[in-house]
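Enquirer: Structure in structure tokens, see below.
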Amino acid sequence: MTTAPEIDPDIRSTIQLPPTDLLIGGEWQPAATGERFEVIDPVTEQVIARVARGRQADVERAVAAARAAVDGGAWSKLSGVDRAKLLFRLADLMERDFRAMTLVETLDIGQPLKNPAAAIAALRYFAGWADKIDGRHVMLPDSNGRPTHTYVRREPIGVVAAITPWNSPLMTGAWKIAPALAAGCSVVIKPPEDAPLSTLYLGALALEAGFPAGAINIVPGYGPEAGAALVASPGVDKVTFTGSTAVGRQIGATASGALKAVTLELGGKSPQVVFADADIERHIPMMARQFYLNSGQVCAAGTRLLVERAAMDQVVEGVARQLRRVRVGDPFKPDTQIGSLISRKQLDRVSGYIDQGRAQAELVTGGNRIGDTGFFVEPTLFIGTNDVVIAKEEIFGPVGVVVPFDTYDEAIRLANETPYGLASVVYTSDIGTAHRAAAQIRAGMVRVNGGASVPSVHVPFGGMKASGIGRELSFSGIEACTVEKTVSFEL
Ligand code: NAD
């Protein structure tokens, strides 16, 4: 174990926590059973909050409140312009509380300065859509050839159940709440049990912004309890989930069995394909960042570095050098680059994968826990093949594996030889290679030598294969929260 990072206890004692009850029908309420669960600071391992533990009865109350809001209730009566105003107001309040929200999310997750900028961007982007969702008119004769007045309405899908993971709960929550509300749906959100606080903070600001009762409901709790009850609730019209592929499969099966709409954003094992003709020195920092940021707890992390053999030494040495420089420590210290893993469970999981890596591949750098309090792990690099466990399974820790290739065809085969298909990066100076690879890699996202910092609210986000179903963000996010209805009049 290397030396423990220094912790700043002073800042922790100043952080204002949000309400810790359930938000149902515009009111904070304890769970029906009165139970609470503990939320742990992953850096100090101290309890930071005791949050109401929602179960089926609470979920049913929340869904009933959400139903009432859309089935002729106050929320359903608002125009798109008024929904936009409320979403913009919520974004403004988050901007006002930017520092306080940053402190809460940073404390909850243990990663450096997790600010609400991405969530604010999503609220504003979808606020912009709220008054621009329209239908279309179709020139269609009836069976006797007479003209009709036929049009297609785009209507809110109804009650949206949102379930989010701990790695970026505020951002992923906003990606679900914002399009649903913009489209006129109501929402019941179940934040992750490991990091529920930023979502509860958002709930408090939603009340202050003036959202009608029942438009936004929050039921914290455990996945198999609150989460499963929400997915199964007959009052829910659509389920949107971000989390692991294993849980996504269960949720998808339950939701589809009940013929509910479903969007699933799941895991990944994304390739970074490095051709020897790339400007390698320039891209080394990005290659490393792709799998150490947020301590690798990123679904789109580029954890498989597929490298043309001629560039192996340069890439391995460069990325290892970069990883050794990463400052791991207290997320509240301004120079920290990565903090702690979310939980002991995640530490055990990542350590287990590192042990498998040591047995099946060659360790280049890292591989150790840091300190014995908090769940810190060194950024770690292995050289291996595409068949070792650490190259096949999602680790969700700061661990990358380099796999050599000899030809373009082999590179594409290796990139696609995974059950997942979320993200990818291609590094090359040959524009033809870049476009061919972008077309042939089966993933929801391909970045070439950098590209726009995605995910961005302006473009669709989502995976292929075991990385999920459906798309979030952009107008695709609105489409996913609406249904089309055809209306035809005799003229
Ligand atoms: P998880 O699947 O264990 O939990 C995610 C959420 O689902 C939590 O709120 C949890 O309480 C809930 N849940 C768990 N079991 C449930 C059940 N049976 N029914 C209903 N809800 C249930 O995932 P996690 O460990 O919190 O998050 C890490 C995973 O999320 C990683 O695998 C990662 O790849 C994935 N992820 C994907 C994306 C994406 O957009 N594709 C983004 C972030 C994280």
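Enquirer: So which of Gly339, Gly268 ends up being at negative phi, among the small types (Gly, Ala, Ser) and in contact with a Cys (Cβ under 6 Å, 6 or more places away or on another chain)?
Expert: Working: Gly339 fails: in contact with a Cys (Cβ under 6 Å, 6 or more places away or on another chain).
On inspection, the qualifying residue turns out to be Gly268.
Enquirer: Anything in the range 252-292 that is of a type in the set (Gly, Ala, Ser), within 24 Å of Asn386 (Cα to Cα) and either at pLDDT below 95 or open to solvent by less than 10 Å² (accessible area, probe 1.4 Å) (or both)? List them, or say none. Break it down into steps so the answer makes sense when it comes.
Expert: Step one: of the range 252-292, the residues of a type in the set (Gly, Ala, Ser) are 252-253, 255-258, 261, 267-268, 270, 276, 278, 288.
Still in the running and within 24 Å of Asn386 (Cα to Cα): 267-268, 270, 276, 278, 288.
Matches in the range 252-292: Gly267, Gly268, Ser270, Ala288.
Enquirer: Considering only residues of the range 252-268 that are in a loop (DSSP other than H, G, I, E, B) and in contact (Cβ under 8 Å) with a residue 60 or more places away in the chain, which is nearest to the ligand (Cβ to nearest atom)? Lay out the reasoning, then the answer.
Expert: Applying the first criterion (in a loop (DSSP other than H, G, I, E, B)) to the range 252-268 yields 258-260, 266-268.
Narrowing the set further to residues that are in contact (Cβ under 8 Å) with a residue 60 or more places away in the chain leaves 266-268.
Details: Leu266: 5, Gly267: 3, Gly268: 6 Å.
Out of the qualifying residues, it is Gly267.
Enquirer: Ok, one more. Go through the range 293-308 residue by residue and tally those that are open to solvent by less than 10 Å² (accessible area, probe 1.4 Å) and in a loop (DSSP other than H, G, I, E, B).
Expert: Qualifying residue count, the range 293-308: 3.
Enquirer: Just the residues that are open to solvent by less than 10 Å² (accessible area, probe 1.4 Å) and part of a helix (DSSP H, G or I), please, taken from the range 458-473.
Expert: Ser467, the sole residue that qualifies.
Enquirer: Now for a different question. Looking only at the range 339-359, which residues are of a type in the set (A, V, I, L, M) and under 14 Å from Asn294 (Cα atoms)?
Expert: Of the range 339-359, the ones of a type in the set (A, V, I, L, M) are 341-342, 347, 350, 354, 359.
Scanning the range 339-359 gives Leu341, Ile342, Leu347, Val350.
Enquirer: Turning to a different aspect of this structure: Mind checking which residues of the range 204-228 are in contact (Cβ under 8 Å) with a residue 60 or more places away in the chain and surrounded by fewer than 23 Cβ atoms within 10 Å (Cβ to Cβ)?
Expert: Of the range 204-228, the ones in contact (Cβ under 8 Å) with a residue 60 or more places away in the chain are 204-223, 225-227.
Within the range 204-228, Ala204, Leu205, Leu207, Glu208, Ala209, Gly210, Pro212, Ala213, Tyr222, Gly223, Glu225 meet the criteria.
Enquirer: Evaluate the following for Arg89: is it surrounded by 20 or more Cβ atoms within 10 Å (Cβ to Cβ), of a type in the set (Lys, Arg) and part of a helix (DSSP H, G or I)? Full working, then the answer.
Expert: On the way: surrounded by 20 or more Cβ atoms within 10 Å (Cβ to Cβ): no; of a type in the set (Lys, Arg): yes; part of a helix (DSSP H, G or I): yes.
Answer is no for this residue.
Enquirer: Still on this structure: Out of the residues in the range 231-251 that are more than 6 Å from the ligand (Cβ to nearest atom), within 15 Å of Pro165 (Cβ to Cβ) and of a type in the set (A, V, I, L, M, F, W, C), state the one that is surrounded by the most Cβ atoms within 10 Å (Cβ to Cβ).
Expert: Per the criteria, the residue is Phe241.
The values are calculated or read from the model by the stated rules, or taken from the named source; none is laboratory data. Because the structure is a prediction, the values reported are computed rather than measured. A quick note on method: Cβ atoms are made from the backbone with ideal geometry, for glycine too, and the neighbour counts reach across all protein chains shown. Ligands, DNA and RNA are excluded from the accessible area calculation, which covers all protein heavy atoms including side chains. Shrake-Rupley method; radii C 1.70, N 1.55, O 1.52, S 1.80 Å.
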